[in-house]
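Enquirer: Below you will find the structure I want to go over with you.
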Amino acid sequence: MEQIPQYKIIYTETAVLDIEEKADYIETQLGEAGLALSWYLHLKETILQNLTTFPLKYPLYDVEPWREQGIRLFPARNDVVLYHVEEGKHLVYIRGVCTKGRDLSAHLGKA
């Protein structure tokens, strides 16, 4: 039986900043340091559980030029993880993390 390929998760600088900004907002603006840590740990674990195998199962972002670039959307609670896959190298690049409802195209344009 053939083994299921495992993909390595790589966070872009933009994605790291997105995650840091949201965790900082939860901690400072809401005064919830424990919640910020819990959110961060849950997000990272959710990404690992869902994108290290079969990362192409989530839909492409159906807006150009992002669709053409292979940007995919993965929902994680109240957030959307924007990523693309390099199949031949078994790599998943996390491009950004946004709160649901935000303008994803504008956010990707900053990346």
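Enquirer: Acidic (Asp, Glu), surrounded by fewer than 16 Cβ atoms within 10 Å (Cβ to Cβ) and at pLDDT 95 or above: which single residue out of Glu45, Glu21 fits that description?
Expert: Glu45
Enquirer: Pro75 is checked against (1) of a type outside the set (Phe, Trp, Tyr); (2) under 9 Å from the mean Cα position of the chain (by Cα); (3) assigned to a helix (DSSP H, G or I) and fails just one. What number does that condition carry?
Expert: Going through the list (1) of a type outside the set (Phe, Trp, Tyr); (2) under 9 Å from the mean Cα position of the chain (by Cα); (3) assigned to a helix (DSSP H, G or I), Pro75 breaks only (3).
Enquirer: Something else about it: Taking Glu64 as the residue in question, decide whether it is loosely packed, with under 13 Cβ neighbours inside 10 Å, in a loop (DSSP other than H, G, I, E, B) and among the acidic types (Asp, Glu).
Expert: yes
Enquirer: In the range 4-38, which residues are in contact (Cβ under 8 Å) with a residue 24 or more places away in the chain, of a type outside the set (Lys, Arg) and either over 18 Å from Tyr93 (Cα atoms) or in a helix (DSSP H, G or I) (or both)?
Expert: Of everything in the range 4-38, those that are in contact (Cβ under 8 Å) with a residue 24 or more places away in the chain, of a type outside the set (Lys, Arg) and either over 18 Å from Tyr93 (Cα atoms) or in a helix (DSSP H, G or I) (or both) turn out to be Ile4, Thr14, Ala15, Asp18, Ile19.
The values are calculated or read from the model by the stated rules, or taken from the named source; none is laboratory data. Values in this document were obtained by computation on a predicted structure and should not be read as measured data. Here Cβ is always computed from backbone atoms with ideal geometry, including for glycine, and neighbour counts include all displayed protein chains.
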